[in-house]
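As structure tokens, the structure follows; a few thoughts come after it.
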């Protein structure tokens, strides 16, 4: 470090020493200067406790809202298909055999939903999760209050009148809206509001399926876009509370109860992985198919000037016709999933149900109505997996494939491939069946499906809609590289400093003279005791309006913005953004009056070099596995 105005360097490189006898003076001078340094990192704090309390309140509301939605669906179903007043959950396929009614009822429900979307809120269209994701990413997690009411009501009407959807998507969206609404009525940050939104969504999914762990994973993989204690803890608490609420209303039995599964063999695990690859390709095709139908409705509306409000009614015609051919395609169809996994539906009926459910669901979803995607995907995947398992049992019994396990793998793998939520899919299938021996086949099949789907489709069925709106979204999670590098490992040690007692005229003369370091953009200003009192830039020094007789000290207008040598580069980058500066003096935490270096924006960019090299440079293979020093520590340059 040098003082450029002196003819000789006044300070040795790497540190600002304090002359003997001046330690007290430096300490006093330092005490009068308010350093603006980054706050120390804390995984959780007192605010986290408050957010946990809010998450519990949201979970209670979301759990009750889930029960209310299920009863609303039952009410609409009973009123339209059975002609009775009841809120008990019922399958619409047993209500009537009149084909005209089976077609007319979905159309009537679709017209009501279209009117609600146009004159209430267009946000109720679709299955809800992409819309929630968009609000998290670009809307500070703010969801309008009217969505909290319109989404469940529209979903109840659409599903209750035969729509081939699940209740989980609208419940997740409703829980998220509730969390967002609570977060808008209290003084919290946008990040904290996002946590409450995710807590409500997780609580909604848990209250539907009784799957608390997979609900937390779903929030992490699709809504939070992070894995941090301060967000994970409230979401996990909310999910646990929602589990208790569901148990109070519906008990604790698994939602898809099937007979115990057998321990799979090694060869069978390989076969389940191959099945997962097939399901993954099918899931990628489903994503393209559903959005292709959505595009078709867009073109239809443009060509014939049909307002999107009427599109659900057109889609409902297909729902009704398919419902006449296969009544099992109508409604939520959770009982279909249980039947598929338990072997109650076999043979050609499996393929018929898969094909017709896919057509009915994709067309109705593409038309812009309100409903969930999980249950239809589970039905399609379970049917497809069970059918493949049956064929293998007949033509390749030596593989050891169990049709029940194949159906379970198909159910989870299609969701893994369509949503790109691998961990959620594996854990969800386990939680909803409680079949321990299914875990390994699930892991093999879902991972294979996830791999193939990623190779075929860049976006999932959740993120494709956002991508079409111009939103670039990556759902990858990695430790922030900057948070792993300390400032002292990157900061420049040779610092050109200015003396507080020198004048602007002295500094300008040095710059004109072209002294060492004169081309730098920023200079820490030190007192005679070596205490940093601020930073001046070339712009400050060359300002034509500046009084050249002023000293450096009198030119400084705010406390020095600094960073400590044991802070991370993430702390430093955040400090630069928060304070609007491009360089930070680096101080020692133990002796804050001691200047240890300087950090600039270019240093932050340069620090990424090793990360990029580690990701792109292919290293030569080792010729000797047990080379000398293999177990020693390697010094990173």
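The values are calculated or read from the model by the stated rules, or taken from the named source; none is laboratory data. Note that the coordinates shown come from a computational prediction; the quantities given were computed from them, not determined experimentally. Heads up, the Cβs are rebuilt from the backbone with ideal geometry, glycines too, and the neighbour counts pull from every protein chain shown.
Residue by residue through region 459-479, note down the ones that are crowded, with 22+ Cβ neighbours inside 10 Å and touching a helix residue (DSSP H, G or I) at 6+ places or on another chain (Cβ under 6 Å). Can you show your working first?
Here is the first cut: in region 459-479, the ones crowded, with 22+ Cβ neighbours inside 10 Å are 460-463.
Correct list: 460, 461, 462.
Give the residue, chosen from 577, 562, that is assigned by TED's automatic domain parsing to the domain that holds residue 502 and surrounded by 20 or more Cβ atoms within 10 Å (Cβ to Cβ).
Working: 577 fails: surrounded by 20 or more Cβ atoms within 10 Å (Cβ to Cβ).
Criteria check complete, one pass: 562.
Filtered by the rule that a residue be under 20 Å from residue 89 (Cβ atoms), assigned to a helix (DSSP H, G or I) and out of contact with any strand residue (DSSP E or B) (no Cβ under 8 Å at 6 or more places or on another chain), region 321-352 gives 323, 327, 328, 329, 335, 336, 337, 338, 339, 340, 341, 342.
Residues of region 224-247 include at least one that is closer than 28 Å to residue 475 by Cα, part of a helix (DSSP H, G or I), under 28 Å from the mean Cα position of the chain (by Cα) and modelled with pLDDT under 90.
Out of the residues in region 582-604 meeting the condition of being surrounded by fewer than 17 Cβ atoms within 10 Å (Cβ to Cβ) and touching a helix residue (DSSP H, G or I) at 6+ places or on another chain (Cβ under 8 Å), tell me which one is farthest from residue 560 (Cα to Cα). Among those that are surrounded by fewer than 17 Cβ atoms within 10 Å (Cβ to Cβ) and touching a helix residue (DSSP H, G or I) at 6+ places or on another chain (Cβ under 8 Å), it is 601. I'm trying to understand the selection: among the residues of region 122-133, which are buried (at least 18 other Cβ atoms within 10 Å of the Cβ) and at negative phi? Within region 122-133, 123, 124, 125, 127, 129, 130, 131, 132, 133 meet the criteria. Has region 460-467 got any residue that is touching a strand residue (DSSP E or B) at 6+ places or on another chain (Cβ under 9 Å), under 22 Å from residue 283 (Cβ atoms) and touching a residue at least 60 places away in the same chain (Cβ under 8 Å)? Scanning region 460-467 turns up at least one residue that is touching a strand residue (DSSP E or B) at 6+ places or on another chain (Cβ under 9 Å), under 22 Å from residue 283 (Cβ atoms) and touching a residue at least 60 places away in the same chain (Cβ under 8 Å). Scan region 67-84 and give yes if some residue there is crowded, with 16+ Cβ neighbours inside 10 Å and in a loop (DSSP other than H, G, I, E, B), otherwise no. No, region 67-84 contains no residue that is crowded, with 16+ Cβ neighbours inside 10 Å and in a loop (DSSP other than H, G, I, E, B). Within region 446-458, the presence of at least one residue that is closer than 19 Å to residue 129 by Cβ, free of Cβ contacts under 8 Å to residues at least 12 places away in the same chain and surrounded by fewer than 21 Cβ atoms within 10 Å (Cβ to Cβ) is confirmed.
Residue-wise test of (1) assigned by TED's automatic domain parsing to the domain that holds residue 562; (2) over 18 Å from residue 594 (Cα atoms); (3) part of a strand (DSSP E or B).
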{"position": "512", "(1), (2), (3)": "yes, yes, no"}
{"position": "529", "(1), (2), (3)": "yes, no, no"}
{"position": "535", "(1), (2), (3)": "yes, no, yes"}
{"position": "539", "(1), (2), (3)": "yes, yes, no"}
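Tell me whether region 154-167 contains one or more residues that are more than 22 Å from residue 239 (Cα to Cα), touching a strand residue (DSSP E or B) at 6+ places or on another chain (Cβ under 7 Å) and in a loop (DSSP other than H, G, I, E, B). Yes, region 154-167 contains at least one residue that is more than 22 Å from residue 239 (Cα to Cα), touching a strand residue (DSSP E or B) at 6+ places or on another chain (Cβ under 7 Å) and in a loop (DSSP other than H, G, I, E, B). Looking only at region 355-388, residues that are under 30 Å from the mean Cα position of the chain (by Cα) and within 24 Å of residue 314 (Cα to Cα) come to 23 in all.
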